[in-house]
Structure formats: structure tokens, C-alpha cells
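Nothing in this text is a laboratory measurement; each read-out follows from the coordinates by a stated rule. This one's a predicted model, so the numbers in the text were calculated from it and none came from an experiment. Heads up, the Cβs are rebuilt from the backbone with ideal geometry, glycines too, and the neighbour counts pull from every protein chain shown.
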Amino acid sequence: MSCKIYMDHAATTDMLPQVRKAMDPYLMDEYGNASTAYGMGQRAQKAMEDAREKIAYRLDAHPEEIFFTSGGSESDNWVVKNVAGAKKEQGKHIITSQIEHHAILRSCEYLESLGYDVTYLPVDDYGVVDPKELKDAIRADTTLVSIMTGNNEIGTIEPITELGSIAKNKGVDFHTDAVQAVGQIPLSLAQLPVDYLSASAHKFHGPKGVGFLYVRKDENLPSFIHGGSQERGKRAGTENVAGIVGMAEALDIAVQEMRYTRPRLIRLRNYFVERVLHEIADTRLNGHRYQRLPGNVNFSIRGVDATALLVLMEEEGICASAGSACNTGQTKISHVIEAIHVPEDYAAGSIRFTMGRASSRQEVDQTIEALKKCVEILRKA
């Protein structure tokens with residue numbers, strides 16, 4: 001059944017018509033390779049550099065600090081693996097948290113296979129990293145700290161300013177996976193004490209397959225993909241000009257509209273939470289009640305299997321996501337839900353709803369009524 005109500009904006013977002021319009025010339029008539037010297041290629045190069053400037057402007061960064069990638073996973077891999085490799089003589093200790101995206105966790109596991117030591121910081125029951133835990137974990141051989149800005153499952157926003165300051169004061173590089181935060185909450189890279197930041201266009205109504213990595217200008221991050229001299233010799237491969245142009249347009253719109261969309265989504269989110277906790281018995285909210293991404297709600301519902309719940313919700317025309325991953329027909333509790341110590345009888349019933357710029361109160365009301373109906377069916381089964 002098709003989605004009548006889309007409640008999975010943390011997974012991906014629809015591309016805005018303005019974004020598609022900005023991309024169209026570089027998909028059709030202006031298809032030149034940005035690395036070539038003739039006119040069409042140079043026009044593509046200019047469009048790409050204009051996009052770089054626009055992104056930098058919206059994040060209070062310098063254009064030369066923005067490097068284009070294929071998305072958040074590539075950006076995360078680039079930082080974790082290459083900072084570790086470049087600084088292995090200084091030390092082989094990395095710090096991250098237990099609730100990071102798998103792009104970070106799998107990269108850290110890879111480094112462990114090469115003999116690196118990784119500390120996975122615990123979080124509290126709301127999913128927040130304790131700055132004191134980070135301070136105590138940093139050692140003389142620590143070379144990188146990577147803590148996400150906002151969690152993709154439970155929406156908790158981490159105290160990045162405090163965490164980054166601790167790393168900076170200890171002389172350790174700090175990276176944040178901000179894939180869920182860019183375009184959603186205000187971010188100023190002139191103010192944040194971060195050395196690296198990852199982002200992905202399709203999370204803020206841009207195209208899929210394109211993202212960027214912010215690299216503070218005094219950092220010398222080695223190349224991750226070798227080949228041509230694109231991205232000032234840091235990232236080989238013919239540039240996705242249309243995608244880059246679309247990403248810049250999407251971010252420009254997201255930041256301009258944030259003063260309206262963010263408070264509206266926060267009101268919708270709080271309304272959603274209050275109704276569900278009041279109207280569905282034995283339900284708990286996962287993540288921090290208020291220190292969370294604007295459109296994110298994640299519930300654990302006692303005595304309900306999230307996989308079955310999602311099937312019923314889709315039959316009601318609502319697309320959402322589980323707080324658990326399904327493997328071979330069995331529900332496996334996600335690492336995030338485990339890390340925040342959700343009781344076992346609630347954990348398997350974890351479900352995430354994430355709203356976007358066009359989500360309405362009517363859609364929230366319909367989603368809640370469908371959720372109540374589906375939970376009742378499953379509890380009677």
C-alpha cells in the first residue's frame with residue numbers, strides 16, 4: 001500500500017521542486033565535466049564553486065573548508081579512518097559513543113581489526129553523552145573523538161559545544177556526524193569547536209548520493225579516494241555537479257525557513273508525544289523530552305512487536321520506521337535502544353516517527369489514531 005502519510009523524514013526526504021529546478025540545467029544542457037578547460041566545463045566548475053560558497057555561508061564556514069562527497073557514510077569513513085591513519089605515530093586510540101550511526105561504528109570496528117583501541121562512551125537513559133565521561137576517557141594516545149550531533153533513532157541532541165571544547169583543550173581532533181542536524185537546527189561552524197562535520201543532502205530535501213565534509217582549514221586531512229585531483233586533490237572522482245547544486249539550494253532553503261519550520265515542528269512533536277503518552281497505556285518516550293531534533297519522536301510500546309506494528313501501520317497508509325532492525329524474521333533490538341536501557345518488555349516495540357516541513361497536525365492526529373488502533377489489534381492477538 002502507498003504512503004498516504006509519510007512519517008519517516010529521518011530516513012530520507014522528498015526533493016523540493018526548487019531544488020530540482022536548480023539541478024535541471026546540469027542534468028541536461030550544461031552537462032560538462034567540471035575538470036575540463038572549455039566553456040561548458042568551466043560553467044560547471046563555477047556552478048560547483050558557487051554551491052560551495054552558498055553552503056559555507058549558511059554554516060558560517062569558509063568555502064575552502066567544504067569538501068563534496070557522496071554522502072554521510074563516505075564523510076564519516078573519510079574522517080575516522082584517515083585521521084587514525086595519519087596520526088598513528090602519535091597514538092592509536094579513538095573515542096566515540098555507543099549510539100553512533102553504523103558508518104562510525106563499523107569504521108571503528110575496522111580500525112580495531114588493525115590494532116587500534118576504541119573507547120565507546122556510554123550514554124544516560126536519555127541518550128546523552130556525559131562530558132565528564134569524555135574528559136576521563138581521553139588519553140595521551142587519543143587522536144580523534146567522534147560524537148554525533150543528533151541521534152538518528154531517538155533524536156537526542158548531544159552537548160557538542162561542551163564535548164568539542166573538552167577535546168580541543170586536550171589537543172584532540174573532534175568530529176561530529178551532523179547528518180540528522182544540518183538543516184534542522186541552527187549550526188555555526190565559526191562557533192562550534194569541531195574540526196570535522198559530516199552532512200548528507202537527502203536529509204534536508206536535497207538529492208540522494210551527495211553530501212559534504214567540513215574540514216577546519218588548519219587541519220590537513222589525507223585523501224580517502226585516490227585518483228584525479230578533484231576537490232583540491234583531496235577526493236578523486238568526477239564531481240556530481242547537479243547533485244552539488246541541488247544540495248546547496250536545499251540547504252539554502254532549509255536555513256532560510258528554519259525560523260518558521262523549527263518551532264512549528266517542535267510544537268507538532270510535543271503535541272504528538274503528549275497525546276501518545278496520555279492515550280496509549282504502557283508507552284514510553286525514547287530520548288530526551290526536549291533536547292531533541294524538532295521532528296523526531298520515538299516510542300517503545302510494551303507488549304508489541306515493532307515489525308508487526310509497522311506492517312499494520314503501512315496498511316493504514318502510514319510510513320514510519322522501527323527502532324529495531326529486522327534480521328531473518330526476528331526482531332533484533334537496536335544498539336541505540338539497548339544503550340539507553342529500555343526495559344526488555346518495551347524494547348521490541350520501539351517505533352520512530354519523524355516529521356518534515358510539510359507535516360501537518362491533521363496528519364499527526366491520523367497517525368495517532370492509526371497507532372492506537374494497531375496497538376490494540378496486536379495486544380489482543
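Laid out as a table, the results:
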quantity	calculated
Value of relative contact order over the chain, rounded to a whole percent, pairs C-alpha under 8 Å and six or more apart	22
Sequence of Thr119, Thr142 once ranked by neighbouring C-beta atoms within 10 Å, starting from the fewest	Thr119, Thr142
Cα convex hull of region 255-347 - mean projected area over all directions, nm²	7.3
Charge dipole (debye, nearest 20) of the chain; +1 at Cβ of Lys and Arg, -1 at Cβ of Asp and Glu	500
Of Arg284, Arg52, Arg139, the one that fluctuates the most in a GNM where the chain has Cα springs shorter than 10 Å	Arg139
Top of Leu251, Leu187, Leu293 by mean-square fluctuation, Gaussian network on the chain, Cα under 10 Å	Leu187
Rg followed by Dmax, in Å, when region 8-67 is reduced to its Cα trace	13.9, 43
Lysines whose Cα lies under 25 Å from that of Lys132, excluding same-chain neighbours fewer than 8 positions away	Lys87, Lys92, Lys168, Lys170
Environment charge of Ser2, counting only residues whose C-beta is closer than 14 Å and scoring Lys/Arg +1, Asp/Glu -1	-4
Residue-averaged 222 nm ellipticity for the chain, from DSSP H runs of 4+ at -39500 (n - 2.57), nearest 500	-13000 deg cm²/dmol
Distant-in-sequence amide H partners of Ser321 (H built 1.01 Å from N, under 5 Å)	Arg352
Cα centroid of region 172-203 to Cα centroid of region 99-170, whole Å	14
Residues Val311, Val172, Val210 arranged by fewest to most Cβ contacts within 10 Å	Val311, Val172, Val210
Residues of region 352-379 with amide N under 18 Å of the 7 Å Cα→Cβ point at Tyr260	356-362
Taking region 172-233 and dividing mean pair separation by its residue count, relative contact order in percent (alpha carbons under 8 Å, at least six apart)	27
Distance between modelled label sites at Glu376 and Gln18, nm, 7 Å Cα→Cβ extension	4.3
Net length gained if the chain between Tyr126 and Glu89 were fully extended (0.36 nm per residue, minus Cα distance)	9.6 nm
Anisotropy class of region 104-182 from Cα gyration tensor, a/c 1.5 cut	oblate
Cross-link reach list, lysines versus Lys54, counting only Cα pairs under 18 Å and skipping chain neighbours closer than eight places	Lys21, Lys46, Lys203, Lys217
Kirkwood hydrodynamic radius (C-alpha pairs) into Stokes-Einstein, region 17-254, 37 °C and 0.692 mPa s, D in µm²/s	181
Those lysines that a straight Cα-Cα span of less than 24 Å connects to Lys380, excepting residues fewer than 8 apart in one chain	Lys332, Lys372
Order of Cys319, Cys374 - criterion: other Cβ atoms within 10 Å of each residue's Cβ, fewest first	Cys319, Cys374
